[in-house]
Amino acid sequence: MTSSSGLEHGTGGKHRGWHHWMMIVCCLPMLAIAIALVATGVVNVGFVLVAVVCVLMMVLMMWGMTGGSGNR
């Protein structure tokens, strides 16, 4: 029986870093939609601030996450 930590060992920190950036890049469509909604006058500029705060929160969560076999 193989443990999950044995499977994670082969991926290394480089793969984990790529996943973090991918999660942050997934927030870009949300920012684009927020900017488009402000540009068309549907919502006010504060909506973009909410979207930026959401992206910053995602960055902090990805930065603060621990995992993989390198931290054990």
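Just so it is clear, none of the values below were taken in a lab; they were calculated from the coordinates. Note that this is a predicted model, so its numbers are computed, not measured. With ideal geometry, Cβ positions are generated from the backbone for all residues, glycine too; neighbour counts draw on all protein chains shown.
Using packing as a proxy for protection, rank 39-49, 20-30 so that the peptide with the highest average count of other Cβ atoms within 10 Å comes first.
Ranked by mean Cβ neighbours within 10 Å, highest first: 20-30, 39-49.
Would you grab the residues whose amide H sits under 5 Å from the one on V43? Only those 5+ places off in sequence or on another chain, please, with H modelled 1.01 Å from N.
V38
Using θ = phi - 60° and the Karplus relation 6.51 cos²θ - 1.76 cosθ + 1.60, list the HN-Hα couplings for segment 32-41 in order, rounded to whole Hz, with x at every Gly or Pro.
With coefficients 6.51, -1.76 and 1.60, one gets 5, 5, 4, 5, 5, 5, 5, 5, 8, x Hz.
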